[in-house]
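What follows is a short report on a single structure.
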Amino acid sequence: MRAVWTGSVTFGLVNVPVKAYGATEDHDLSFHQVHDKDGGRIRYERRCEVCGEKVEYKHIDKAFEEDGDTVVITDEDFDSLPEADNDEIEVVQFVPADQIDPLMLEKSYYLAPEGKTPKSYLLLRQTLLDSELIAVVRFALRQKTRLGVLRVVNKVIVLQGLMWADEVRELDFDDEFKGTKSRAKIGEKELKLSKQLVESYASDFTPEEFEDDYQAELRKLVDAKFEQGETLDTEATFGAEGSDDGSEDDDDNVVDLMAALKASLDKRDGGGKSGSGKGKSA
């Protein structure tokens, strides 16, 4: 696997150098569009509506429109934002897992220890396990400030992104139920049978037993066409992926964990509990 981010988890004054790796991947087959007449590859060109010129991606900026006016935001503008180059995952709270609404959960990343000694990583991992809590964190990835949680899965610290509170929609379809409440009543016999049906399905969750049947059948179809010679001699259309993983040189500074822990506790006891308030900003 290739690291997608390199930085550190900040736990009070304790610094935990880590690398992040994508914990999930899409298994769907990838297709491109072709002309049904001759199999020619369909390509989309980026053209300027003002001058009509074909524009390379490197010359494309982003624009935001509001009330009939538009402002252009360049790459330099994005890079100038304070959080643009933030390489820290800041722990701001420890909370019970059941307080995290599953609706808010996003993509997951494995965090591996970085540097010459994994001591601080092991400390954070054991702290999460012993406390039976998960850590709420703030971090920046791909020019976006994000909220997330840290938890331990199979001896590895996992970072899972969270949506911001204002990104989760409020329920707004009460009208769908109007006029049905008086007619739709659940009888005791129906409920009893429903519970029996649930019990007949009840078992331990084993995700390995499930397969994406559609993708499996699609793969068979593709393989059959290859075997039958229904192929086109087309040139490669995708370039090699970049090899830069954003890694940095090993940090030669050995963290004094006891001193950092004590200083962090002193700071919290002295009224420096600012995590909950800071977590509200976007």
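The values are calculated or read from the model by the stated rules, or taken from the named source; none is laboratory data. Being a predicted model, the structure only gives us computed values, none of them experimental. Neighbour counts run over all protein chains shown; Cβ positions are idealised from the backbone, glycine included. SASA here: full protein model, heavy atoms, side chains in, ligands and nucleic acids out. Shrake-Rupley method; radii C 1.70, N 1.55, O 1.52, S 1.80 Å.
Taking into account only those residues within the range 184-233 that are outside any helix (DSSP H, G or I) and of a type in the set (S, T, N, Q), which is least open to solvent (accessible area, probe 1.4 Å)?
By that ranking, first place goes to T206.
Scanning for something out of contact with any Ser or Thr (no Cβ under 7 Å at 6 or more places or on another chain) and either among the basic types (K, R) or under 30 Å from A263 (Cα atoms) (or both), does the range 23-30 turn up at least one residue?
Looking for residues that are out of contact with any Ser or Thr (no Cβ under 7 Å at 6 or more places or on another chain) and either among the basic types (K, R) or under 30 Å from A263 (Cα atoms) (or both), one finds none in the range 23-30, hence no.
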- prompt: Quick one: in the range 101-122, which of the residues that are more than 20 Å from the chain's Cα centre (by Cα) and surrounded by 17 or more Cβ atoms within 10 Å (Cβ to Cβ) is farthest from E167 (Cα to Cα)?
  reply: G115
message: Whether any residue in the range 44-65 is at pLDDT below 90, closer than 30 Å to E132 by Cβ and of a type outside the set (K, R) is what I want to check.
response: no
task: Go through the range 1-33 and count every residue that is more than 22 Å from I89 (Cα to Cα) and touching a residue at least 12 places away in the same chain (Cβ under 8 Å).
output: 4
statement: Exactly one of R138, R151 is part of a strand (DSSP E or B) and open to solvent by 70 Å² or more (accessible area, probe 1.4 Å), and that one is R151
field: Scope the range 114-170; condition over 20 Å from T6 (Cα atoms) and touching a Pro at 6+ places or on another chain (Cβ under 9 Å); matching residues
entry: E132, L133, I134
task: Could you run through the range 2-43 and say how many residues are crowded, with 18+ Cβ neighbours inside 10 Å and closer than 23 Å to Q215 by Cβ?
output: 0
field: Flag for D98 being part of a helix (DSSP H, G or I) and surrounded by fewer than 12 Cβ atoms within 10 Å (Cβ to Cβ)
entry: yes
